[in-house]
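Chemist: Starting off with a structure, shown below.
The values are calculated or read from the model by the stated rules, or taken from the named source; none is laboratory data. Since the structure is predicted, the reported quantities are computational estimates derived from the model, not experimental observations. So basically every Cβ, Gly included, is an ideal-geometry build from the backbone, and we count neighbours across all protein chains shown.
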Amino acid sequence: MHKNMQKLYESLGSYYAFDPHVLTVEDFFGDLASFRILFVEAVKENHKKREMEEKIKRARLAKEKAEREKQERQQKKKQLIDMNKEGGENETGVMDSLMEALQSGAAFRDRRKRTPRNGDQSPSSPASRWPGANHGNTTNPVSV
């Protein structure tokens, strides 16, 4: 059995190009184990690097797409403004342009937000809509 192991170790030496009489079995398998560990780490690093590159590429593509969409919106808005400036000079295609703006939603963009009202004067409160809505209010009784 020992001779069989020696023979197999010598064949490993010839396969991996080392002298089996100089390098011990423990050193050889220790080198193989450390190579395996370093190889697995390198594969993980390569995978992480590839994922980061893909993430950067996706972010760049998304940014370019957003930039293109922004330019298209600005161009459509400019076309609408130019159409409005022309006024009565060129009335052809006005309805088509307006319908396209309504369908795309370009006519409703870039509107200012409403300023909120005070809490006492909110339009949803019943007191502000109907004068007689405070019939259950006993803090201010009406004298008869």
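Chemist: Report yes if some residue within the range 96-104 is modelled with pLDDT under 95 and within 26 Å of the chain's Cα centre (by Cα); otherwise report no.
Modeler: Yes, there is a match, as at least one residue in the range 96-104 is modelled with pLDDT under 95 and within 26 Å of the chain's Cα centre (by Cα).
Here is a yes/no grid of residues against (1) of a type in the set (A, V, I, L, M, F, W, C); (2) surrounded by 10 or more Cβ atoms within 10 Å (Cβ to Cβ); (3) at pLDDT 95 or above; (4) part of a helix (DSSP H, G or I):
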position	(1), (2), (3), (4)
Q6	no, yes, no, yes
Y15	no, no, no, yes
H21	no, no, no, no
G30	no, yes, yes, yes
A33	yes, yes, yes, yes
K49	no, yes, yes, yes
I56	yes, yes, yes, yes
L80	yes, yes, no, yes
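Chemist: Given the structure, is A66 under 30 Å from L98 (Cβ atoms) and either free of Cβ contacts under 8 Å to residues at least 60 places away in the same chain or assigned to a helix (DSSP H, G or I) (or both)?
Modeler: Working: under 30 Å from L98 (Cβ atoms): yes; either free of Cβ contacts under 8 Å to residues at least 60 places away in the same chain or assigned to a helix (DSSP H, G or I) (or both): yes.
When the stated conditions are applied, A66 passes them.
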